[in-house]
Amino acid sequence: MPHPRSRPSPDAGLASRQLALEVLLEFFRQPNALEDRLDALWRAHPDLDPRDRGLIHEIVLGVLRQWPLLDAMLRIPMNKTLPDQQLTAWTALRIGLYQLHWMRVPPHAAIHASVELVKRSPDQPLTGFVNAVLRRAAELTPEQAWESVRDPARRLSVQHAHPLWLTRRWLKQLGEERTAARMAANNAQAPLTLRFHGADDDARAQWLAELAESGVEARPLEYPPEAVLLPQGGRIPALPGYAEGRFAVQDRAAMAAARLVDPQPGERIVDACAAPGGKTAHMAALSGGAATIVALDNRAERLQRVAENLDRLQVQGVEVRVADARNADELGAELYDRALIDAPCSGTGVIRRHPEIKWRRTAKEIAQAAERQGEILRGVASRVKPGGVLVYAVCSMEPEEGPDQIAAFLAENPQWRRDEVEAKGLGLDSAWFNELGELLTEPSEHGVDGFYAARLIRVTDTE
């Protein structure tokens, strides 16, 4: 059985589970960006007890992590087929079973809550059915859902709750053992990592002391040196230093992108796909605020989030404007010393943080993302001066979005080559890099998000 997770607060009751049910129903009807939906929920209920908020978050993300496994387990004790249209009943069953097997919720409490959720819904006639199924399912083990499945792809798909098309894709690329490890890592709770915003060691030490004084366990990490791990997590806006802009939430692999750019004072740098602005702010900090940074995005509403984040982190001097990086003319006539492309991608490297990605993506979308990434890469590359550096990064583990993308670009553009990377000199872990000097992280191996990044240098001005 999976290891138990956080214990909900004693007063975390039916109202919280009702809100979790509503978020999940909305997702099952129309898959959306879960983070946006949860942000809207927190704004609509600002007085939620932090423990209730934690319960909602755990149920929603947990159910989406384990969705097919939950359904496979639930079908075992069903004495009749429950149509997919009975969505409230299905969702209440999933919530109940997740609490039974993945959270330390007593059976009577988990079952009672799910039954009450159904009683209040259009699926009320199924109240007795839901009660009976959950009582039987409480006696099952997850292994019973997949142990008789002989096909490796289907077995892994159920066991680790990933879509079958993605399971088959990874099996072909990685083999069974590495695919299973990747999926298990995707279903694990991601660590909370903060990036200290600044280069002053004394200020960082003072902030860490403030965290300790407030009862927050914080562990400074070696790579990158500005990374701080919070083993027990924490409510971000309540942490010391949040309002003053002392830190940003960022995975260590994502921090590597700005460090690969290695921004220097006096340089002109473009962040071509800047939203939500975390890497823009990081580059500003690494340059001591002395580089000229242009932050672009093709949607004005996304740039509003960039502006808000830069304002909280007290980053000044960044030019924020709407531009489509695929169109070189929109990047302006002036050439840049350095460029960062944090390209829009499938996001398969951050499934552990955003489990809904598993259910929102398709193989066709990966191909479409790769095509768009190539267009952005060519557009931005044309605006980097000879001798300039370009860093291309994606939070994806799909070859066509990462290594294949760069290999194709270099084959077509002899004026560019891979730049030599001295990982430790850039404050990065050499274990994150392959033999070509490309950053290529795997959650199951490195404990960070799945990320790809390549650092290129323009060696001639010939197009």
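The table below gives the values:
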item	result
Qualifying residue in segment 389-408 (condition: closer than 29 Å to residue 32 by Cβ, part of a helix (DSSP H, G or I) and in contact with a Cys (Cβ under 7 Å, 6 or more places away or on another chain))	yes
Residue check for residue 193: assigned to a strand (DSSP E or B) and within 27 Å of the chain's Cα centre (by Cα)	yes
Which listed residue is touching a Phe, Trp or Tyr at 6+ places or on another chain (Cβ under 7 Å) and either of a type outside the set (Phe, Trp, Tyr) or closer than 24 Å to residue 227 by Cβ (or both), from 388, 425, 379	388
Residue check for residue 69: under 30 Å from residue 234 (Cα atoms), in contact with a Ser or Thr (Cβ under 7 Å, 6 or more places away or on another chain) and open to solvent by less than 30 Å² (accessible area, probe 1.4 Å)	no
Yes/no for residue 372 being in a helix (DSSP H, G or I), among the basic types (Lys, Arg), touching a residue at least 12 places away in the same chain (Cβ under 8 Å) and touching a Lys or Arg at 6+ places or on another chain (Cβ under 9 Å)	yes
Identity of the residue in segment 320-351, in contact with a helix residue (DSSP H, G or I) (Cβ under 9 Å, 6 or more places away or on another chain) and among the small types (Gly, Ala, Ser), that ends up nearest to residue 301 (Cα to Cα)	323
Selection count, segment 409-448, where residues are assigned to a helix (DSSP H, G or I), in contact with a helix residue (DSSP H, G or I) (Cβ under 7 Å, 6 or more places away or on another chain) and within 26 Å of residue 250 (Cβ to Cβ)	8
Strands (runs of 3 or more DSSP E) within segment 219-338 that include 2 or more residues open to solvent by less than 30 Å² (accessible area, probe 1.4 Å), in contact with a Ser or Thr (Cβ under 9 Å, 6 or more places away or on another chain) and closer than 30 Å to residue 188 by Cβ	227-230
Segment 342-361: number of residues that are open to solvent by 20 Å² or more (accessible area, probe 1.4 Å) and farther than 25 Å from residue 261 by Cβ	3
Segment 195-215, subset buried (at least 19 other Cβ atoms within 10 Å of the Cβ) and free of Cβ contacts under 8 Å to residues at least 40 places away in the same chain, residue farthest from residue 286 (Cα to Cα)	211
Segment 105-122 residues that are within 14 Å of residue 136 (Cβ to Cβ), paired with ones that are of a type in the set (Lys, Arg) (beta carbon under 9 Å, 6 or more apart)	107/135; 111/135; 114/17; 114/94
Exclusive hit being among the hydrophobic types (A, V, I, L, M, F, W, C), over 18 Å from residue 27 (Cα atoms) and modelled with pLDDT under 95, set 158, 133, 149	149
Tally, over segment 362-385, of residues that are more than 20 Å from residue 279 (Cβ to Cβ) and crowded, with 22+ Cβ neighbours inside 10 Å	1
Residue among 164, 156, 171 that is free of Cβ contacts under 8 Å to residues at least 12 places away in the same chain, open to solvent by less than 50 Å² (accessible area, probe 1.4 Å), closer than 30 Å to residue 73 by Cα and touching a helix residue (DSSP H, G or I) at 6+ places or on another chain (Cβ under 6 Å)	164
Residue that is nearest to residue 147 (Cα to Cα), among those in segment 80-104 that are open to solvent by 70 Å² or more (accessible area, probe 1.4 Å) and in contact (Cβ under 8 Å) with a residue 12 or more places away in the chain	80
Only listed residue being open to solvent by less than 20 Å² (accessible area, probe 1.4 Å) and in contact with a His (Cβ under 9 Å, 6 or more places away or on another chain), chosen from 432, 416	432
Qualifying residue in segment 315-324 (condition: among the charged types (D, E, K, R) and touching a Pro at 6+ places or on another chain (Cβ under 7 Å))	no
Segment 31-62, subset touching a residue at least 40 places away in the same chain (Cβ under 8 Å) and among the aliphatic types (A, V, I, L, M), residue most open to solvent (accessible area, probe 1.4 Å)	33
Options 185, 180: the member that is aliphatic (A, V, I, L, M), at pLDDT 95 or above, in contact with an Asp or Glu (Cβ under 9 Å, 6 or more places away or on another chain) and part of a helix (DSSP H, G or I)	185
Within segment 199-228, tally of residues that are of a type in the set (D, E, K, R) and more than 27 Å from the chain's Cα centre (by Cα)	5
Evaluation of residue 117 against (1) within 29 Å of the chain's Cα centre (by Cα); (2) under 17 Å from residue 132 (Cβ atoms); (3) of a type outside the set (S, T, N, Q); (4) open to solvent by less than 10 Å² (accessible area, probe 1.4 Å) (one fails), failing number	(1)
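The values are calculated or read from the model by the stated rules, or taken from the named source; none is laboratory data. Fair warning: this is a prediction, and the values are worked out from it, not measured in the lab. Heads up, the Cβs are rebuilt from the backbone with ideal geometry, glycines too, and the neighbour counts pull from every protein chain shown. Side chains are part of the model used for accessible areas, which takes the heavy atoms of the whole protein and leaves out ligands, DNA and RNA. Shrake-Rupley method; radii C 1.70, N 1.55, O 1.52, S 1.80 Å.
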